[in-house]
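Novice: I am attaching a structure below and will ask some questions about it afterwards.
The values are calculated or read from the model by the stated rules, or taken from the named source; none is laboratory data. Keep in mind it's a predicted model, so treat the numbers as computed, not measured. Every residue, glycine among them, receives a Cβ derived from its backbone with ideal geometry; neighbour counts consider all protein chains shown. Accessible surface areas use protein heavy atoms only, side chains included; no ligands, DNA or RNA. Shrake-Rupley method; radii C 1.70, N 1.55, O 1.52, S 1.80 Å.
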Amino acid sequence: MALALLEALNLHVRYGGISAVKGISFAVEENEIVCLIGANGAGKTSTLKALARMIPSSGEIHYRTERIEAVPSHDLIGRGLALVPEGRGIFARLTVAENLAMGAYHRRDATGIADDFERVFALLPRLKERKAQVAGTLSGGEQQMLAIGRALMGRPKLLLLDEPSMGLAPLMVEKVFEVIRAVAAEGMTILLVEQNARLALEVCSRGYVMESGLITLADSSAALLADSRVRAAYLGE
Ligand code: ATP
């Protein structure tokens, strides 16, 4: 087995007396697209936030060659770990181009940044057409694309995507997933959190199922798509 790019061991997240993530372990290898699926409140967002060090947790988090539990979230961006949060977190009053520039704020390589603008615009032509538009006036799907584009401007090695389909019309969900496929095809490593289990499993090679803070199933996407428990609970069958 290749060395994992990211590995969580016995990860716990607690909010006061509530235990949201109850000692889960999982790994993502370089160039893999892995999903974390599960119902509302299963602990998926808490897991991603803990990995990006936006909330406290206990247990071990290994990223590349180091332990990152004590690394502040802003330092992780410079080390190539980028979270696209649920709700997207774009700057509504800034333009599309300004939002993208914010994704590269920690970089000093002007030529590389200019190249990445072109790369992101090639991947997301809708953003290129709207680069001078104020981000708050974009459609929900366009905002999701902007959030992904902004993360790509940091040249991440690992992209954590939280519910990219949330609140989008079916056609827009398709478009956002096309973008995810295109980013994956470039060799990006992605950990995708999704409630839309079918879409997630179709784009990922492996998946973990989370229920009430625990990982209850871990398998290849093909096996999960065929699993009667997954079909009954998450695929509406
Ligand atoms: P969703 O798909 O609805 O976002 P999720 O699987 O991502 O669900 P989390 O958002 O991680 O789940 O929530 C897990 C549990 O932790 C839930 O019971 C939730 O109410 C609780 N929780 C999340 N954030 C907080 C918080 N800031 N304070 C207290 N409890 C929280």
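Novice: Just the residues that are touching a residue at least 40 places away in the same chain (Cβ under 8 Å) and either in contact with a Ser or Thr (Cβ under 9 Å, 6 or more places away or on another chain) or within 12 Å of the ligand (Cβ to nearest atom) (or both), please, taken from the range 212-221.
Specialist: SER212, GLY213, LEU214, ILE215, SER221, listed by residue number.
Novice: Would you check which residues across the range 72-96 are outside any strand (DSSP E or B), surrounded by 17 or more Cβ atoms within 10 Å (Cβ to Cβ) and of a type in the set (A, V, I, L, M) and list them?
Specialist: Within the range 72-96, LEU76, ILE77, ILE90, VAL96 meet the criteria.
Novice: Among (1) over 24 Å from ARG64 (Cα atoms); (2) assigned to a loop (DSSP other than H, G, I, E, B); (3) not basic (Lys, Arg), which single condition is GLY154 missing?
Specialist: Against the list (1) over 24 Å from ARG64 (Cα atoms); (2) assigned to a loop (DSSP other than H, G, I, E, B); (3) not basic (Lys, Arg), GLY154 comes up short only on (1).
Novice: Let me ask you something else. Please enumerate the residues belonging to the range 11-21 that are surrounded by fewer than 12 Cβ atoms within 10 Å (Cβ to Cβ) and within 16 Å of SER212 (Cα to Cα). Before you say what the answer is, go through the steps one by one.
Specialist: Within the range 11-21, the subset surrounded by fewer than 12 Cβ atoms within 10 Å (Cβ to Cβ) is 15-18.
Matches in the range 11-21: TYR15, GLY17, ILE18.
Novice: Another question about this same structure. Out of VAL134, VAL203, VAL193, I need the residue that is in contact with a Ser or Thr (Cβ under 7 Å, 6 or more places away or on another chain) and closer than 30 Å to GLY23 by Cβ. Which one?
Specialist: Among VAL134, VAL203, VAL193, only VAL193 is in contact with a Ser or Thr (Cβ under 7 Å, 6 or more places away or on another chain) and closer than 30 Å to GLY23 by Cβ.
Novice: Go through (1) more than 16 Å from the ligand (Cβ to nearest atom); (2) closer than 21 Å to HIS12 by Cα; (3) under 16 Å from the mean Cα position of the chain (by Cα) and name the single condition ILE77 misses.
Specialist: Going through (1) more than 16 Å from the ligand (Cβ to nearest atom); (2) closer than 21 Å to HIS12 by Cα; (3) under 16 Å from the mean Cα position of the chain (by Cα) one by one, ILE77 breaks only (2).
Novice: Note down all Cβ pairs under 9 Å where the first residue falls in the range 55-68 and is within 16 Å of LYS44 (Cα to Cα), the second is among the charged types (D, E, K, R) and open to solvent by 60 Å² or more (accessible area, probe 1.4 Å), and they're at least six residues apart or on different chains.
Specialist: ILE55/LYS49; PRO56/ARG14; SER57/ARG14; SER57/LYS49; SER58/ARG14; ILE61/GLU7; ILE61/ARG67
Novice: Somewhere in the range 72-79, is a residue modelled with pLDDT of 95 or more, in contact with a His (Cβ under 8 Å, 6 or more places away or on another chain) and farther than 14 Å from LEU191 by Cα?
Specialist: no
Novice: Moving on. Might you check whether a residue that is in a helix (DSSP H, G or I) and in contact (Cβ under 8 Å) with a residue 60 or more places away in the chain occurs anywhere in the range 201-211? Before you say what the answer is, go through the steps one by one.
Specialist: So the first thing to find is which residues in the range 201-211 are in a helix (DSSP H, G or I), and the list is 201-203.
Filter again for in contact (Cβ under 8 Å) with a residue 60 or more places away in the chain, leaving 201, 203.
So far as the range 201-211 goes, yes, one or more of its residues are in a helix (DSSP H, G or I) and in contact (Cβ under 8 Å) with a residue 60 or more places away in the chain.
Novice: Among the residues of the range 22-41, write down those that are surrounded by 19 or more Cβ atoms within 10 Å (Cβ to Cβ) and either within 12 Å of the ligand (Cβ to nearest atom) or free of Cβ contacts under 8 Å to residues at least 12 places away in the same chain (or both).
Specialist: Residues satisfying the conditions are ILE24, LEU36, ILE37, GLY38.
Novice: If you scan the range 54-66, which residues turn out to be away from the ligand (no atom under 15 Å from the Cβ) and in a loop (DSSP other than H, G, I, E, B)?
Specialist: Of everything in the range 54-66, those that are away from the ligand (no atom under 15 Å from the Cβ) and in a loop (DSSP other than H, G, I, E, B) turn out to be ARG64, THR65.
Novice: Now a separate question. Do you know which of the residues in the range 172-199 that are at pLDDT 95 or above and more than 15 Å from SER46 (Cα to Cα) is farthest from the chain's Cα centre (by Cα)?
Specialist: So in the range 172-199, the residues at pLDDT 95 or above come out as 189-193.
Filter once more, so that each one left must be more than 15 Å from SER46 (Cα to Cα): 189-190.
On the way: THR189: 10, ILE190: 6 Å.
Among residues in the range 172-199 that are at pLDDT 95 or above and more than 15 Å from SER46 (Cα to Cα), the one farthest from the chain's Cα centre (by Cα) is THR189.
Novice: Turning to a different aspect of this structure: Mind listing whichever residues of the range 200-225 are open to solvent by 70 Å² or more (accessible area, probe 1.4 Å) and on the phi < 0 side of the Ramachandran plot?
Specialist: Within the range 200-225, GLU202, GLU211, LEU214, ASP219, ALA222 meet the criteria.
Novice: What number of residues within the range 42-67 are surrounded by fewer than 15 Cβ atoms within 10 Å (Cβ to Cβ), in contact with a strand residue (DSSP E or B) (Cβ under 7 Å, 6 or more places away or on another chain) and among the polar types (S, T, N, Q)?
Specialist: Residues meeting the conditions: 1.
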